[in-house]
Amino acid sequence: MWADAGADDPRCTGSGAPGAPAELLSNGFPAGRALCPVCLRFIPLVGARFLDEHDTAGAASAQESLDRADWFNTHGWSEGPTGQQ
């Protein structure tokens, strides 16, 4: 039987990585957050240069999920965290 004691740490290994604000959609999403190259979530920046500490999974609102899908459909899956391909 599997137990939480053997589970991976929920902290994303992309926490603390360099980042830059992602390109904005017309509605302002992702509002200055950067794309984490590990978990592919939009994460606030610390000191405008590094991804804030975050977990690999989390409850996203329905609107966040729609905006995230729209962002990837607009900017693509190959775009890096600095907005460059």
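Every number here is computed from the coordinates shown, using simple stated rules; none is lab data. Just so it is clear, the structure is predicted and the values come from calculations on it, not from any experiment. Neighbour counts run over all protein chains shown; Cβ positions are idealised from the backbone, glycine included.
What to note about this one:
- Computed lengthening from Asp55 to Glu23, 0.36 nm per intervening residue step minus Cα-Cα distance: 9.3 nm
- Proximal charge balance of Gly16 [Cβ under 14 Å; K/R count +1, D/E count -1]: -2
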